[in-house]
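Novice: There's a structure below that I have some questions on.
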Amino acid sequence: MKFLGVSVLSGVLLAGMALPAVGALGLTAKNTAEGFSNIPDDFKTPPLTQATQIFDAKGGLIAKVYERDRTVLTADQMSPFMRQAQVDIEDARFYEHGAVDLKGVLRAISKNAESGTASQGASTLTQQYVKNVNVEKAGDDQAAVLEAQRKTLGRKIQELKVAIKLEEDLTKDQILTNYLNITFYGHQAYGVEAAAQRYFSKNNKDLTVAEAATLAGLVQNPSQYDPVRFPDNTVKRRNVVIDKMVENKHITADQAKEAKAAPLGLKYKDPQNGCITAQAGMGFFCDYVRHVVKQDPSFGKNAAERKKFWDQGGLNIYTTLDPDKQAAAQNAVTSRVKVTDPVSAAATMMEPGTGKILAMAQTRPYGLEPSKNQTVVNLNVDAAMGGGNGFQPGSTFKPIIAAAALENGMSPTKPYPSENRIEWPTMKTCEGTWKNTEKGDKRFVPNESKSEVGPYELKQAMALSVNTYFVQMEQEMGLCPVKQMLDKLGITTTAAGAKIEVVPSITLGTKEMSPLTMANVYATFAARGKHCTPIAINKISTVDGKDVKVPQTTCTQAFSESTADALNTVLLNVTEKGTGATLGLEDGRQIAGKTGTTDKKKAAWFSGYTPQLATAVWIGGPTGGVEMKNMKIGDTYYGNDGVFGATGPGPIWKLAMDQALKGAPKETFQTIDIPDPAPKVDPNATPAATAPAAPNPGDPNAGNPPPPAVPGGPGTNAGGLIGGGITLPPGVIGGPGNGNGNGNGNGHR
């Protein structure tokens, strides 16, 4: 009976585990040789997934991302102790036998027969390596992983065939190196370098005998010998490995004694994976880079190829992100708006003339816990790039309409009647004619205040953000030049991805945009009409030093420099005497920009720039719908009049720009002379109520001076009126207004 039991058990082992012994003797016969004359290159040099590192523009690490945390090493980059320990505990006769260890098979049969179990295996290190390659190739496909791990006769024979051929094509040292790079060591560490960093916070080549033995012992069962959870098990296993190293004469008895006496000595580092680990609020930019790689044709001709490129990793990605400007933007959006506020803020900074994204910040932190107000939705970008559906930009869109008109030949001194309230007029489009078919109040477009009545010229109309002026401008030139300008600025869809329908209300900023889109528009203004597509990546290299082609910005002249100079003069006036008059920077440098506030104060913007830096800031409900009235945002309470572009996002913009430009050269705009219109005189108003004309920007070398006090009646510095009723931010004394503006328009200022 004993003989029968041993025979049956031996038969099972030979079929399921030890059959490779037969292969060593006869499986390399004609059929096998023909079928495996050439094994796939994946087995010779497996495409191992590795960690990718993402760096900022100054070389600082933003985050490390990986499907599997691994850094591939060459043999000479590995600790000799590591190589010896792994062989001694896994396959001591590795350098003596072929792909199959016949002695090992017979020993396993004998041991298992004596114990009555099948506890001892006989796979060689080469066979284990082949199985690991199959698991690696399966990737995240769990069904494929299970198939690669199935202990079937067919699977064993398949692995054996590949192992035999590998031993013909690769040296033992090459196979061992590949094995040490592919093997799993627990705690998301694949390969010996990741394992050394995870458990001991050092490079593999610097491991001691005790440390190398610890790692080598994990491979058999990373859970059972987990040094974090079961340190006693780990020490016992480590000492077994050390004994094997002595037995095989790879270390001396004294070295073994010292190694066994050593404490486990863990310096464990938790796995740090993904954009959630990014530094200093850079998680959203990190995620944007991931979307670029997965969508740009530079990284593969289809989505599957690009995903494989990203998942395989092993990249060093050097981005355009400026850490100093990122810190400035992050500080601004988090100090003026609290994480717990019902609204959020977002800011994007771009370098004019290059397309480089320099900063991308938002109030709510990057993360997966909504209870902590975390989000993975990047409010700075379009939905396709990991963002939301965008936000109406309000009057920050008006300069685009002005650019189209100026480029189309309109004089910057062109006046329009700009009545307080007009019907939406019929307009020419690229395809035909747009006609107003609305009913009731929707047939009309009002100005912000009832006292806001023209005629106005462009400089004053932009400073006061007069709605009807820009509608009449659209009517005269038609909507086709507007569409053409949008195309040149790269604005063909909303943030949600819907094709933009160019209708008259577009001048009021009714189409949802992202801060990145608006920052790029204003960067174009700053670059004197030169539009560059946004880029986030400067360079990518592989871990072995090879450069990877990256997407380049495409720059075109969206409109002439003369148009840009006129527009910059007009927008410089906005920050000197208009709605942005309180936003001058600490060092007095020139700034230009435009405020924007949407209906019911559901979104507020300030997009502004210097010649070397453009920044768009938005504030509002992360998913829209929050009316920013009668609420506290940050440390500021906003009453019934609510948030304006100059009072909500404006101070965020100023704080960010002051810090970002500290120490930078004071560059100036190329401006033109735009004569002031003759002052308007209201026959029914007292002299004190007469608003002065918006002054010319003057000397281009001058900065933006603080707004002058305009003598008024009972108005206070809480927000008086200028130019017939526009609400200005605190600090500008108004005329006969009550300090609150009393505007009852549609809020696109």
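Novice: Which residue, of 411, 449, 465, is free of Cβ contacts under 8 Å to residues at least 24 places away in the same chain, under 42 Å from the mean Cα position of the chain (by Cα) and surrounded by 12 or more Cβ atoms within 10 Å (Cβ to Cβ)?
Specialist: 411
Novice: Within segment 521-550, track down each residue that is at pLDDT 95 or above, part of a loop (DSSP other than H, G, I, E, B) and either surrounded by 14 or more Cβ atoms within 10 Å (Cβ to Cβ) or more than 20 Å from the chain's Cα centre (by Cα) (or both).
Specialist: Matches in segment 521-550: 527, 528, 529, 534, 536, 550.
Novice: Given the options 514, 465, 505, name the one that is in contact with a helix residue (DSSP H, G or I) (Cβ under 9 Å, 6 or more places away or on another chain) and at positive phi.
Specialist: Numbers: 514 fails: at positive phi; 505 fails: at positive phi.
Unique residue meeting the criteria: 465.
Novice: May I pose another question? Would you say residue 173 is under 20 Å from residue 127 (Cβ atoms), open to solvent by 10 Å² or more (accessible area, probe 1.4 Å), modelled with pLDDT of 95 or more and out of contact with any Lys or Arg (no Cβ under 8 Å at 6 or more places or on another chain)?
Specialist: Spelling it out, residue 173 is indeed under 20 Å from residue 127 (Cβ atoms), open to solvent by 10 Å² or more (accessible area, probe 1.4 Å), modelled with pLDDT of 95 or more and out of contact with any Lys or Arg (no Cβ under 8 Å at 6 or more places or on another chain).
Novice: Is it the case that segment 476-496 has a residue that's surrounded by fewer than 20 Cβ atoms within 10 Å (Cβ to Cβ), of a type in the set (Gly, Ala, Ser), within 23 Å of residue 621 (Cα to Cα) and at pLDDT 95 or above?
Specialist: Taking every residue of segment 476-496 in turn, at least one turns out to be surrounded by fewer than 20 Cβ atoms within 10 Å (Cβ to Cβ), of a type in the set (Gly, Ala, Ser), within 23 Å of residue 621 (Cα to Cα) and at pLDDT 95 or above.
Novice: Output yes when any residue across segment 239-247 is open to solvent by less than 50 Å² (accessible area, probe 1.4 Å), over 39 Å from the mean Cα position of the chain (by Cα), free of Cβ contacts under 8 Å to residues at least 40 places away in the same chain and over 24 Å from residue 77 (Cα atoms), and no when none is.
Specialist: Yes, segment 239-247 contains a residue that is open to solvent by less than 50 Å² (accessible area, probe 1.4 Å), over 39 Å from the mean Cα position of the chain (by Cα), free of Cβ contacts under 8 Å to residues at least 40 places away in the same chain and over 24 Å from residue 77 (Cα atoms).
Novice: Among the candidates 326, 362, 374, 330, which residue alone is closer than 13 Å to residue 515 by Cα and not aliphatic (A, V, I, L, M)?
Specialist: The match here is 362.
Novice: Identify, please: which residue in segment 291-327 is aliphatic (A, V, I, L, M) and open to solvent by 10 Å² or more (accessible area, probe 1.4 Å) and is, among those, nearest to residue 347 (Cα to Cα)?
Specialist: By that ranking, first place goes to 327.
Novice: I would also like to ask the following. Restricting the search to segment 61-78, which residues are in contact with a helix residue (DSSP H, G or I) (Cβ under 9 Å, 6 or more places away or on another chain) and either open to solvent by 40 Å² or more (accessible area, probe 1.4 Å) or over 26 Å from residue 312 (Cβ atoms) (or both)?
Specialist: 64, 67, 71, 72, 74, 75, 76, 77
Novice: Here's something else I'd like to know. Only one of these is open to solvent by less than 10 Å² (accessible area, probe 1.4 Å), assigned to a helix (DSSP H, G or I), touching a residue at least 24 places away in the same chain (Cβ under 8 Å) and within 22 Å of residue 40 (Cα to Cα): 215, 180. Name it.
Specialist: It is 180.
Novice: Just checking, does segment 223-230 include any residue being assigned to a helix (DSSP H, G or I), without any contact (Cβ under 8 Å) to a residue 24 or more places away in the chain and surrounded by fewer than 21 Cβ atoms within 10 Å (Cβ to Cβ)?
Specialist: Checking segment 223-230: not a single residue is assigned to a helix (DSSP H, G or I), without any contact (Cβ under 8 Å) to a residue 24 or more places away in the chain and surrounded by fewer than 21 Cβ atoms within 10 Å (Cβ to Cβ).
Novice: Mind checking whether some residue in segment 313-333 is touching a residue at least 60 places away in the same chain (Cβ under 8 Å), closer than 30 Å to residue 636 by Cα and in contact with a Ser or Thr (Cβ under 8 Å, 6 or more places away or on another chain)?
Specialist: Yes, because at least one residue in segment 313-333 is touching a residue at least 60 places away in the same chain (Cβ under 8 Å), closer than 30 Å to residue 636 by Cα and in contact with a Ser or Thr (Cβ under 8 Å, 6 or more places away or on another chain).
For (1) under 17 Å from residue 353 (Cβ atoms); (2) surrounded by fewer than 24 Cβ atoms within 10 Å (Cβ to Cβ); (3) modelled with pLDDT of 95 or more; (4) touching an Asp or Glu at 6+ places or on another chain (Cβ under 6 Å), each residue gets a yes or a no:
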| position | (1), (2), (3), (4) |
| --- | --- |
| 556 | yes, yes, yes, no |
| 561 | yes, yes, yes, no |
| 599 | no, yes, no, no |
| 606 | no, no, yes, no |
| 612 | yes, yes, yes, yes |
| 620 | no, no, yes, no |
| 623 | no, yes, no, no |
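Novice: Any chance you could count how many residues in segment 388-403 are among the small types (Gly, Ala, Ser), in a loop (DSSP other than H, G, I, E, B) and crowded, with 24+ Cβ neighbours inside 10 Å?
Specialist: Residues flagged as among the small types (Gly, Ala, Ser), in a loop (DSSP other than H, G, I, E, B) and crowded, with 24+ Cβ neighbours inside 10 Å within segment 388-403 amount to 1.
Novice: Continuing with this model, one more query. Right, residue 207: without any contact (Cβ under 8 Å) to a residue 60 or more places away in the chain, buried (at least 22 other Cβ atoms within 10 Å of the Cβ) and among the aliphatic types (A, V, I, L, M) or not?
Specialist: No, not satisfied.
Novice: Across segment 497-520, what is the number of residues that are open to solvent by 20 Å² or more (accessible area, probe 1.4 Å), assigned to a helix (DSSP H, G or I) and over 14 Å from residue 616 (Cα atoms)?
Specialist: The number of residues fulfilling the criteria is 1.
Novice: Right, here's the next one. Of all residues in segment 371-385, which are in a loop (DSSP other than H, G, I, E, B), surrounded by fewer than 19 Cβ atoms within 10 Å (Cβ to Cβ) and of a type outside the set (Val, Ile, Thr)?
Specialist: Once the filter is applied, which keeps residues that are in a loop (DSSP other than H, G, I, E, B), surrounded by fewer than 19 Cβ atoms within 10 Å (Cβ to Cβ) and of a type outside the set (Val, Ile, Thr), segment 371-385 yields 373, 374.
Novice: Restricting the search to segment 625-640, which residues are open to solvent by 10 Å² or more (accessible area, probe 1.4 Å) and assigned to a strand (DSSP E or B)?
Specialist: The answer is 631, 632, 636, 637, 638.
Novice: Okay, next question. Got at least one residue in segment 348-365 being at pLDDT below 95 and surrounded by fewer than 23 Cβ atoms within 10 Å (Cβ to Cβ)?
Specialist: Yes; the residues of segment 348-365 include at least one that is at pLDDT below 95 and surrounded by fewer than 23 Cβ atoms within 10 Å (Cβ to Cβ).
Novice: Next up: Tell me which of these residue 418 doesn't satisfy, since it passes every other one: (1) among the hydroxyl-bearing types (Ser, Thr, Tyr); (2) crowded, with 16+ Cβ neighbours inside 10 Å; (3) in contact (Cβ under 8 Å) with a residue 60 or more places away in the chain; (4) under 25 Å from residue 674 (Cα atoms).
Specialist: (3)
Novice: Being out of contact with any strand residue (DSSP E or B) (no Cβ under 7 Å at 6 or more places or on another chain) and assigned to a loop (DSSP other than H, G, I, E, B) is the filter; apply it to segment 646-664 and report the residue that is surrounded by the fewest Cβ atoms within 10 Å (Cβ to Cβ). Quick ask: steps written out before the conclusion?
Specialist: So in segment 646-664, the residues out of contact with any strand residue (DSSP E or B) (no Cβ under 7 Å at 6 or more places or on another chain) come out as 647, 651, 654-655, 658-659, 662-664.
Retained after the next criterion (residues that are assigned to a loop (DSSP other than H, G, I, E, B)): 647, 662-664.
Details: 647: 26, 662: 12, 663: 6, 664: 12.
Filtering segment 646-664 for residues that are out of contact with any strand residue (DSSP E or B) (no Cβ under 7 Å at 6 or more places or on another chain) and assigned to a loop (DSSP other than H, G, I, E, B), the one surrounded by the fewest Cβ atoms within 10 Å (Cβ to Cβ) comes out as 663.
Novice: Yes or no: residue 373 on the phi < 0 side of the Ramachandran plot and either in contact with a Pro (Cβ under 6 Å, 6 or more places away or on another chain) or polar (S, T, N, Q) (or both)? Don't jump to the end; show me each part of the working.
Specialist: Working: on the phi < 0 side of the Ramachandran plot: no; either in contact with a Pro (Cβ under 6 Å, 6 or more places away or on another chain) or polar (S, T, N, Q) (or both): yes.
The answer is no for residue 373.
Novice: So residue 643 ticks every box in (1) without any contact (Cβ under 8 Å) to a residue 60 or more places away in the chain; (2) open to solvent by less than 30 Å² (accessible area, probe 1.4 Å); (3) farther than 24 Å from residue 378 by Cα but one. Which box is left unticked?
Specialist: (3) is the only condition that residue 643 fails.
Novice: From the list 429, 437, exactly one residue is closer than 30 Å to residue 616 by Cα and surrounded by fewer than 23 Cβ atoms within 10 Å (Cβ to Cβ). Which is it?
Specialist: Among 429, 437, only 429 is closer than 30 Å to residue 616 by Cα and surrounded by fewer than 23 Cβ atoms within 10 Å (Cβ to Cβ).
The values are calculated or read from the model by the stated rules, or taken from the named source; none is laboratory data. Just so you know, these numbers come straight off a predicted model, no measurement behind them. Glycine gets a Cβ as well: all are built from the backbone with ideal geometry, and neighbour counts include every protein chain shown. The accessibility values were calculated without ligands, DNA or RNA, using every heavy atom of the protein model including side chains. Shrake-Rupley method; radii C 1.70, N 1.55, O 1.52, S 1.80 Å.
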